[in-house]
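Written below as structure tokens is the structure these notes are about.
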Amino acid sequence: MFNTKRILSFLLVMVVTISASVNAFAAQAFVAYDNILNQGWNRAYYARDCFTAVGYGINYHYNDYFKSVVQSEIPSIRSFYVDTHGNSSAFSTRESDGSQGIISNTELGNWTDGYYKFAYIDACNCGTTDAFFKAFKMSYDTSKHQAFLGWQVTIYDDWSYTVFTRRVFSDLKAGETLNDSVWNARVESGKTGYAIYGDYFMTMNN
């Protein structure tokens, strides 16, 4: 005779295990930095710490932060952070020979697939327009809770900008809205010239 309780318990464990696997896949974050930047490790650390705390698995890159890696991993990512060089229509990666690979917003848009929660390109001028917001296929519909953070100005590889990024991620980790996190980062660091596209009141948990 079958033990009904045992079978039901087994099935429940299987469902929970499968659900956990699906959720883990659905909540991957990409974190990378160009390792020629002095502050790259620090900034990426704060991003990893935040994403990990809210339940994301982390795809983390520095020595292997290559264009091909971004292209291969971007379809399965749900949040994104890089500290690198950029302009209004592209940002850089590093290549194995020390040269830089360039990713345009058009290329990024061709690679992205599915739902992006939050993206922050910590690079000069990548927030000048909403081009990267659109490349991540995010929506201005605030019920979807999607947002892109970027800079509209030239930024520098120094501690003051790291303070900004640290505060953004520490507040997001604590459950603050993106708007409050960025404002608190502005007050603490004295840095302005950033832009938010999408849902200003997004949290990492909504």
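The values are calculated or read from the model by the stated rules, or taken from the named source; none is laboratory data. In this text, all values refer to a predicted model and were calculated from it rather than measured experimentally. Here the Cβ is made from the backbone with ideal geometry for all residues, glycine too, and neighbour counts use every protein chain on show. All accessible areas refer to the heavy atoms of the entire protein, side chains included, with ligands and DNA or RNA removed. Shrake-Rupley method; radii C 1.70, N 1.55, O 1.52, S 1.80 Å.
Data for the structure
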quantity	calculated
Gain upon complete extension [ASN35, ASN87; 0.36 nm per residue less C-alpha separation]	16.9 nm
Sequence-distant residues sharing a close amide H with ILE58 (under 5 Å, placed H)	ALA29
Unit Cα scatterers, Debye sum, the chain: log10 I(q)/I(0) for q = 0.12, 0.13, 0.14, 0.15 Å⁻¹	-0.58, -0.67, -0.76, -0.87
Helix-derived mean residue ellipticity, 222 nm - over the chain, DSSP H n ≥ 4, -39500 (n - 2.57), to 500	-12500 deg cm²/dmol
Gap separating the Cα centres of segment 33-65 and segment 77-129, nearest whole Å	14
Highest-MSF residue in the chain out of ASP171, ASP97, ASP122 [GNM, Cα springs under 10 Å]	ASP97
Of all accessible heavy-atom area on segment 87-169, the percent that carbon and sulfur account for (1.4 Å)	49
Antiparallel bridge percentage (DSSP; both residues within the chain; nearest 5)	35
Segment VAL187-SER143, extension gain: residue separation times 0.36 nm, minus the distance between their alpha carbons	13.0 nm
Inter-label distance for ASN179 and PHE201, nm, one decimal - labels placed 7 Å from Cα along Cα-to-Cβ	0.6
Residues of segment 90-206: accessible area per residue with a 1.4 Å probe, Å²	41
Cut-off under 5 Å, modelled amide H: who pairs with CYS126 long-range	TRP151
Close Lys-Lys pairs in the chain, where close means Cα under 22 Å and separation is 8 or more or interchain	10
Charge dipole (debye, nearest 20) of the chain; +1 at Cβ of Lys and Arg, -1 at Cβ of Asp and Glu	700
Integer Hz, Karplus 6.51/-1.76/1.60 couplings in order for segment 157-165, x for Gly and Pro	7, 9, 5, 4, 6, 5, 4, 4, 5
